[in-house]
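What follows draws every value from the coordinates through simple rules; no lab data is involved. Predicted model, so just to flag it, every value in this text is computed and none were measured. Here the Cβ positions follow ideal geometry from the backbone for every residue, glycine too, while neighbour counts run over all protein chains shown.
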Amino acid sequence: MLKDHSQLKLPLSPYQGIYNAIIPANHLLRKIKENIDFSFVNPMLRKQYCENFGHPAKEPDMIFKLLFLKKLCDLSDETLISSARTDMAARSYQA
């Protein structure tokens, strides 16, 4: 079951400016985040998920981004998960 985030509004964080201060404008993941729209993934995979049964699914676009990052940077599964948890560029890329 996929959630509909079309009307989702997130409150602004007081730490939102940290991303701009820490991640350089020419960082590869920042360029990808700003120039590639991965929103096509959820509608494309919507029929693969049951709408009325089971737990809510992890958003396919987020998983797709992580797999894209894994392939792009030739990361092992362990390194990918570690980066996704701690690396500011990788964390913001998922959002």
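Looking only at Cα atoms, what is the convex hull volume of region 24-94 per residue, in Å³?
That works out to 102 Å³ per residue.
Mind ranking 59-69, 81-91, 31-41 by how tightly packed they are, going by the mean number of other C-beta atoms within 10 angstrom, highest first?
59-69, 81-91, 31-41
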